Amino acid sequence: MLITKCDKSELGAKIDTLLKSDAAEKLGVAEDAYVSLGFALIDSGVVRGGVTGALTLQGFHIGALALDKDLRQQGHGTKLMKAIEREAIRLGAKVLTVSTQGFQALGFYEKLDYEVFATLDDWPIAGETKYYLKKIVTENDGCQAS
């Protein structure tokens, strides 16, 4: 056996497959119970932001949300979040999670009814905090218009 350094993007798909297979075996669920989602904000054919996430059984984790700086504070982030939340709920999500840094978007997520359930102090540098948030949802949450 050989251990070698490699590119994350090359290895990521293989690790995902191994983890899905293991969970399918241990939990008795189909490997297609895992779905990756993304919604883009397009302006004149150019991607100006977006949100990505992944459904794992009944949990959905928002992995990334970003907008071009000149588009912030205009409601685009909220619209992107509502879009991905609706789709996650439609696919069966019961709990939504996200993490953010203290210098990023804590207040934004709290306005969207996410609540902090854990923190990690001094991350990514001393004096900063990483926040882990959750939102328990119902099927009715997915029917709200944005």
Look at I42 and say whether it is of a type in the set (V, I, T), touching a Gly at 6+ places or on another chain (Cβ under 7 Å) and at negative phi.
no
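Where in the stretch 56-146 are there strands (runs of 3 or more DSSP E), lying fully within it, with 1 or more residues that are among the aromatic types (F, W, Y) and open to solvent by 40 Å² or more (accessible area, probe 1.4 Å)? Before the answer, list the steps.
Numbers: elements: 59-67, 95-101, 115-121, 129-136.
Of the strands (runs of 3 or more DSSP E) lying wholly inside the stretch 56-146, those with at least 1 residues that are among the aromatic types (F, W, Y) and open to solvent by 40 Å² or more (accessible area, probe 1.4 Å) span 115-121, 129-136.
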S36 passes all but one of (1) in a strand (DSSP E or B); (2) surrounded by 18 or more Cβ atoms within 10 Å (Cβ to Cβ); which number fails?
(2)
Assuming G28 fulfils every condition listed in (1) more than 20 Å from A13 (Cβ to Cβ); (2) at pLDDT below 95; (3) surrounded by 11 or more Cβ atoms within 10 Å (Cβ to Cβ) apart from one, which condition is it?
(3)
Return the pairs, sorted by first residue and then second, in which the second residue is open to solvent by less than 70 Å² (accessible area, probe 1.4 Å) and outside any loop (DSSP other than H, G, I, E, B), the first residue lies in the stretch 1-21 and is in contact (Cβ under 8 Å) with a residue 12 or more places away in the chain, the beta carbons are less than 7 Å apart, and the residues are 6+ apart or on different chains.
K20/Y34
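The values are calculated or read from the model by the stated rules, or taken from the named source; none is laboratory data. Predicted model only: the values in this text are computed from it and were never measured. Reconstructed Cβ throughout: ideal geometry from the backbone, glycine too, with neighbour counts over all protein chains shown. Keep in mind that these areas ignore ligands, DNA and RNA; they rest on the heavy atoms of the full protein, side chains included. Shrake-Rupley method; radii C 1.70, N 1.55, O 1.52, S 1.80 Å.
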